[in-house]
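Asks: Sharing a structure below in C-alpha cells format, with a few things to ask.
The values are calculated or read from the model by the stated rules, or taken from the named source; none is laboratory data. Keep in mind it's a predicted model, so treat the numbers as computed, not measured. Please note: Cβ atoms are built from the backbone with ideal geometry, for glycine as well, and neighbour counts cover all protein chains shown.
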C-alpha cells in the first residue's frame, strides 16, 4: 500500500488506482471467501477504513483521491482483461 506516494518521484513509475462498485467488490469477496452479502459488505467497509487510515497516518494523504494517480480504472465496468490492456497502454504511452 502507498506505492503512489513511495514512488511519486521515481521516473517511469505509473500510479494506478483500481476501483469498482460496492456490489461488484462484494460479489468478488462472496465468491472468494464463501461469505454472505452482509459479511462481504462489512469486510469491504473495514478494509477501506483500514486503507484510508494507513495512508493518512503514514503518508498524510487521502488514498482514494483521483489526482494522486495517473490512471483510475473501474474493473467492474472494464473487466480484468481490459483493465490490464489499459494499464499496458498507459505504460507504453507515458512521457516520463
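Asks: So residue 4 ticks every box in (1) farther than 27 Å from residue 82 by Cβ; (2) at pLDDT below 95; (3) part of a helix (DSSP H, G or I) but one. Which box is left unticked?
Replies: Looking at each condition in turn, residue 4 falls short on (1).
Asks: Just to be sure before I move on: is residue 32 exposed (fewer than 11 other Cβ atoms within 10 Å of the Cβ) and either touching a helix residue (DSSP H, G or I) at 6+ places or on another chain (Cβ under 7 Å) or without any contact (Cβ under 8 Å) to a residue 24 or more places away in the chain (or both) in the structure I sent?
Replies: Details: exposed (fewer than 11 other Cβ atoms within 10 Å of the Cβ): yes; either touching a helix residue (DSSP H, G or I) at 6+ places or on another chain (Cβ under 7 Å) or without any contact (Cβ under 8 Å) to a residue 24 or more places away in the chain (or both): yes.
Yes: the conditions hold for residue 32.
Asks: Out of 21, 26, which single residue is crowded, with 16+ Cβ neighbours inside 10 Å and at pLDDT 95 or above? Walk me through it before giving the result.
Replies: Values: 21 fails: crowded, with 16+ Cβ neighbours inside 10 Å.
Selected residue: 26, the only one of 21, 26 that is crowded, with 16+ Cβ neighbours inside 10 Å and at pLDDT 95 or above.
Asks: Please go through region 79-93 and give me each residue that is surrounded by 10 or more Cβ atoms within 10 Å (Cβ to Cβ) and out of contact with any helix residue (DSSP H, G or I) (no Cβ under 8 Å at 6 or more places or on another chain), ordered by number. Please lay out each step first, then the result.
Replies: Looking only at region 79-93, we keep the residues that are surrounded by 10 or more Cβ atoms within 10 Å (Cβ to Cβ), and these are 79, 82-91.
Residues satisfying the conditions are 79, 82, 84, 85, 87, 88, 89, 90, 91.
Asks: Take region 36-78 and flag every residue that is part of a loop (DSSP other than H, G, I, E, B), under 15 Å from residue 2 (Cβ atoms) and either over 12 Å from the mean Cα position of the chain (by Cα) or modelled with pLDDT of 95 or more (or both).
Replies: Residues of region 36-78 part of a loop (DSSP other than H, G, I, E, B): 36, 60-65, 69-70.
Adding the requirement that they be under 15 Å from residue 2 (Cβ atoms) leaves 60-65, 69.
Answer for region 36-78, where residues must be part of a loop (DSSP other than H, G, I, E, B), under 15 Å from residue 2 (Cβ atoms) and either over 12 Å from the mean Cα position of the chain (by Cα) or modelled with pLDDT of 95 or more (or both): 60, 61, 62.
Asks: Could you run through region 51-69 and say how many residues are in contact with a strand residue (DSSP E or B) (Cβ under 8 Å, 6 or more places away or on another chain) and surrounded by 12 or more Cβ atoms within 10 Å (Cβ to Cβ)? Don't jump to the end; show me each part of the working.
Replies: Filtering region 51-69 for residues in contact with a strand residue (DSSP E or B) (Cβ under 8 Å, 6 or more places away or on another chain) gives 64, 66, 68-69.
Now narrow it down to the ones that are surrounded by 12 or more Cβ atoms within 10 Å (Cβ to Cβ): 64, 68-69.
So the answer is 3.
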